[in-house]
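Q: Once you've had a glance at the structure underneath, I'll fire off some questions.
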C-alpha cells in the first residue's frame, strides 16, 4: 500500500534565529521613526480603523 | 531545547464588521471549520464524542498533526507536539494562516476579521492562549516545588505581555480560600479604575495561584494532571495565564525562557529566595503599573522589581544551561537583551515585545490625531493590532515596514500548515491523517455519528488512535515518531 510522501522539512533551528544584540550595544530593532506620521503606512492603516469596532467585538468567554 | 516538548493552543476572536442578525461569530466559525475540513481537506473530522461539548464533527486532527475545533463558540487551534522553538513558532503561525486563508477563500474577509487576542473590551469576556510543556513525572509538582515557577510567571509578562487598553473586573470568577471555593463577589465589588493601558491582557482574569479548573478559576499554574502521554514517565505543565503573542520573537522567548526555568526547577538550580508574598495581586499590579517600575513584595518582606527577578532567573539559566544547544543560547542571549532594553526607553522593544509595539502605535496615533485614551478609537486600535488580515492588521503593518525581527519564515509556516514536525509523535499521527484522507476516503455516510453500539471508522486522540476493526494504537511517548509502526499498522487495515 502506498503512503503519501511528506515534503522535506528540516528539524530544529532552520534559518538562524535573529542575532543577539549585545546588551552593551543596547541595540535591537531600529527605533521607530515617529517623525512623519502622515507619510507612514502605519498611520494610514490606523486611520482606516472603524472607531466603533471594539464596541461590536463581543465574544464568549472561552477556555 | 533539551528533552522538552512544546505545544500552544489558541482561541481566536471573530470581529464582525457589519451587524447582521443571522451572522454571529459562531456562524463564521462554523463556516471556516467546514471549509477547512470539507473543501480544503486539511484533516479528518472527529466521528466520536470527545466530550460533552465536543460532539462528532466539532473538529478534528489536521495533516500537520495539530487540531482545529470549536470551543465555547471560538475557533481553536492546537499545535502539534514540537521539539524545538523554531517548530512551535512555525506551527503556531501555521494555525493563523490556515484560518485566515479559509476566511479569505470563503470571501468573508470584508465581513469578518480573525482577531488573535484574549479579551473583548465590552463584556469582560476572555479566551485563552494555553502553553504546554512536557516535563518528567519526577518534576516537583508541589506548592514548594512550584514556587520558583510562580515567581517567574508573574514577572515574565514584562516581555511576554501583549498589552491592552483599559482593565477588566470579571465578577464571575471563583476564588479558592483554604478548602472553600467562593465567588469573587463574596469579597466585595472589585474596584476598576479606568486605566489607559496595561502590559498584559490576561492578568486581570487570573484569580488563583494554583487551581485545576480553567474557566472562572484561572490560576497562575493549572494543576490538572492530564499528561496526554505515559503518566508514569511524564507530566504536562499546562499554563493559561499567558497572552496570545503576535510577535514571533515574543512567542519564542516566552516558550524558551519558561522551558529553561522548568529545567532549572527539574535540576534543582532555580533561585529559592524569591517567593512572592501575594502572587495573584502582584500579577495584576505589575501589569497595571503605569510607571513601569514593576515592584513586588517577597515573602521575606523585601521589595524587588520584576526586572531584577528576571535577571536572577537569567543568571541561574546562564550558569547551568549555557552551551547545551543552539536554541538555549539564542534564548539566553535574547533574554539578556530584552531585560537590558526594558531598563531604558520601551520603544527599543518595538517589534520584539507586543505590548511595546502596541503602546508605541497608540502613542503615535494619539499624538498625530490629538485623541485621549478614553476615545473609543483607542480600544479599536488595540483590537486591530491582533487582526490576522495582513492588509489591515497593525502588527502585520509593522512587519511590512520591516520593524519586526522574524524567528521563522513564510516558507516554513507554509510547510507547517501541511506537515508535522519530523521528530515527535506528531509525525506518526500526521501519517495516519494522510492515510485516512487519501487512502481511505471517508464517505458521506461515514461522517455521520456512529449509531449506538457501532465503533466509528476511526478515533484519534493525542496519545492513541484506533481504526475500526483493529486494535488500538497507543503512542505514549511524545518523543517517538512511531512512523514505521504506524505505517505497518495501517498496511494491515482491511478497507
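The values are calculated or read from the model by the stated rules, or taken from the named source; none is laboratory data. The structure displayed is predicted, hence computed values, not measured ones. Note that we place each Cβ from the backbone using ideal geometry, even for glycine, and neighbour counts take in every protein chain shown.
Q: So residue B:41 ticks every box in (1) in a loop (DSSP other than H, G, I, E, B); (2) within 30 Å of residue B:382 (Cα to Cα) but one. Which box is left unticked?
A: Residue B:41 satisfies every listed condition except (2).
Q: A further question on this structure: Within the stretch A:41-62, how many residues turn out to be within 15 Å of residue B:364 (Cβ to Cβ), surrounded by fewer than 16 Cβ atoms within 10 Å (Cβ to Cβ) and facing another protein chain (nearest Cβ under 7 Å)?
A: Number of matching residues: 1.
Q: Yes or no: the stretch B:74-90 includes at least one residue that is part of a strand (DSSP E or B) and more than 12 Å from chain A (Cβ to nearest Cβ).
A: Among the residues of the stretch B:74-90, at least one is part of a strand (DSSP E or B) and more than 12 Å from chain A (Cβ to nearest Cβ), which makes the answer yes.
Q: Let me ask something else about it. Name the residues in the stretch B:107-125 that are closer than 15 Å to residue B:165 by Cα and surrounded by fewer than 24 Cβ atoms within 10 Å (Cβ to Cβ), would you? Write out each step before concluding.
A: Here is the first cut: in the stretch B:107-125, the ones closer than 15 Å to residue B:165 by Cα are B:117-125.
Within the stretch B:107-125, B:121, B:122, B:123, B:124, B:125 meet the criteria.
Q: Take residue B:164 and tell me if it is modelled with pLDDT of 95 or more, touching a helix residue (DSSP H, G or I) at 6+ places or on another chain (Cβ under 9 Å) and more than 24 Å from residue B:315 (Cα to Cα).
A: yes
Q: State whether one or more residues within the stretch B:398-408 are at the interface with chain A (Cβ under 10 Å from one of its Cβ atoms) and in a helix (DSSP H, G or I).
A: yes
Q: For the stretch B:44-73, name all the residues that are touching a strand residue (DSSP E or B) at 6+ places or on another chain (Cβ under 8 Å), more than 17 Å from residue B:457 (Cβ to Cβ) and in a strand (DSSP E or B).
A: Within the stretch B:44-73, B:54, B:62, B:67, B:68, B:69, B:70, B:71 meet the criteria.
Q: Do the conditions hold for residue B:241, that is, is it within 25 Å of residue B:126 (Cβ to Cβ), part of a loop (DSSP other than H, G, I, E, B) and either at pLDDT 95 or above or within 14 Å of chain A (Cβ to nearest Cβ) (or both)?
A: Here the answer is yes, as residue B:241 does meet what is asked.
Q: Hey, among B:347, B:310, B:301, B:297, which residue is in contact (Cβ under 8 Å) with a residue 12 or more places away in the chain and assigned to a loop (DSSP other than H, G, I, E, B)?
A: Residue meeting the stated conditions: B:301.
Q: Do the conditions hold for residue B:68, that is, is it without any contact (Cβ under 8 Å) to a residue 40 or more places away in the chain and closer than 23 Å to residue B:386 by Cβ?
A: Numbers: without any contact (Cβ under 8 Å) to a residue 40 or more places away in the chain: yes; closer than 23 Å to residue B:386 by Cβ: yes.
So residue B:68 fits the description; yes.
Q: Check the stretch B:378-395 and report whether any residue there is touching a helix residue (DSSP H, G or I) at 6+ places or on another chain (Cβ under 9 Å), under 12 Å from residue A:42 (Cβ atoms) and more than 9 Å from chain A (Cβ to nearest Cβ).
A: yes
Q: Next up: Regarding the stretch B:268-275, can at least one residue be identified that is at pLDDT 95 or above, outside any loop (DSSP other than H, G, I, E, B) and not assigned by TED's automatic domain parsing to the domain that holds residue B:85?
A: no
Q: Kindly provide the set of residues from the stretch B:7-29 that are outside any helix (DSSP H, G or I), touching a helix residue (DSSP H, G or I) at 6+ places or on another chain (Cβ under 8 Å) and within 19 Å of residue B:389 (Cα to Cα), ordered by number.
A: Here is the first cut: in the stretch B:7-29, the ones outside any helix (DSSP H, G or I) are B:7-24.
If we keep only those that are touching a helix residue (DSSP H, G or I) at 6+ places or on another chain (Cβ under 8 Å) too, we end up with B:7-8, B:10, B:12-17, B:19.
Across the stretch B:7-29, the qualifying residues are B:10, B:12, B:13, B:14, B:15, B:16, B:17.
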